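Peer 1: Attaching a single structure in structure tokens format; questions to follow.
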Amino acid sequence: MTGKVFFTVTMSLDGFIAPESVPADGFFAPDRQDEPQVQRWMAQWTELQQWAFPLRFFRENLKLGEGGEEGRDNDIARETFERTGASVMGKRMFDLGEQAWPKEAPFHTPVFVVTHTRRDPWQRPGGTTFHFVNDGIDHALDQARAAAGDRDVRIAGGGATILQYLNAGLVDEFSITLSPVLFGAGTRLFDGVDAARVALEPVRSESSPRVTHLTYAVHPR
């Protein structure tokens with residue numbers, strides 16, 4: 001088990017990784033799509049993530065058809081997927097994703113959901129199986145490491161779960177894709193970070209016509 005623990009997020013230039021008022025359960029239900037709050041949240045989220053939608057890898061992974069853009073953004077998206085042997089996420093992200101992901105969920109690896117809810121593993125077509133871990137972030141990570149083997153473990157989100165792992169000293173590396181949008185309010189990635197314990201080392205900075213990719217190694221301070 002030699003892989004790294006990492007996370008990747010897209011972030012607005014003013015530091016937000018999700019719009020204000022993260023939606024409650026049922027957000028993606030058809031009868032809610034005309035609600036102003038839902039439309040506003042989706043419009044902001046789409047603007048934040050718009051760099052990824054044209055990519056060939058994005059289209060391939062979500063079975064949206066052939067074609068799509070290549071280049072460095074596409075390479076980074078593919079490399080992130082290929083290095084990941086297992087993922088960890090929080091219950092809130094899973095609840096939203098369960099409503100929104102296609103039948104063939106986009107992970108294609110084991111996913112370990114940190115939750116207080118007991119539930120049997122949920123197997124999806126295409127190699128994704130969700131496992132529900134009821135005894136904390138450490139046990140979820142231990143199971144993800146075992147499943148990933150010599151590949152890396154990705155902390156998939158949401159922001160609160162990423163912060164828990166970062167503050168616990170369990171993250172080796174992270175990448176931020178800076179998107180040229182401003183939210184003004186929303187979910188901040190580093191709101192609540194234990195800055196006295198976390199030191200960062202720049203690893204890589206790459207720009208494309210749409211976004212800037214920043215990668216940092218994480219060390220104890």
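Peer 1: On full extension of the chain, what length is gained from His139 through Thr2, given 0.36 nm per residue of separation minus the C-alpha to C-alpha distance?
Peer 2: So the extension gain works out to 47.6 nm.
Peer 1: Return the equivalent ellipsoid semi-axes of the chain as a descending list in whole Å, where each equals the square root of 5 times an eigenvalue of the C-alpha gyration tensor.
Peer 2: 24, 22, 20
Peer 1: Count neighbours as other Cβ atoms within 10 Å of each site's Cβ, and list the GluC sites (Glu not before Pro) in the stretch 1-100 that are DSSP loop with at most 16 such neighbours.
Peer 2: Glu20, Glu66, Glu70
Peer 1: Taking the Cα centre as origin and putting +1 on Lys and Arg beta-carbons and -1 on Asp and Glu beta-carbons, what dipole magnitude results for the chain, to the nearest 20 debye?
Peer 2: 220
Peer 1: If you count, for each residue, the other Cβ atoms within 10 Å and average over each peptide, how do 201-209, 166-174 line up from highest to lowest?
Peer 2: In descending order of packing, they fall as 166-174, 201-209.
Peer 1: Among Leu48, Val133, Phe6, which residue has its Cα positioned farthest towards the positive end of the charge dipole of the stretch 1-158, with +1 placed on the Cβ of Lys and Arg, -1 on the Cβ of Asp and Glu, and the dipole taken about the Cα centre?
Peer 2: Val133
Peer 1: What residue among Arg145, Arg118, Arg40 has the largest mean-square fluctuation in a Gaussian network model of the chain, using Cα springs under 10 Å?
Peer 2: Of Arg145, Arg118, Arg40, the most mobile in the Gaussian network model is Arg118.
Throughout, read-outs are computed from the coordinates displayed, never taken from laboratory work. Quantities reported herein were computed from a predicted structural model and do not represent experimental measurements. Cβ coordinates were reconstructed from backbone atoms using ideal geometry, including for glycine residues, and neighbour counts include every protein chain displayed.
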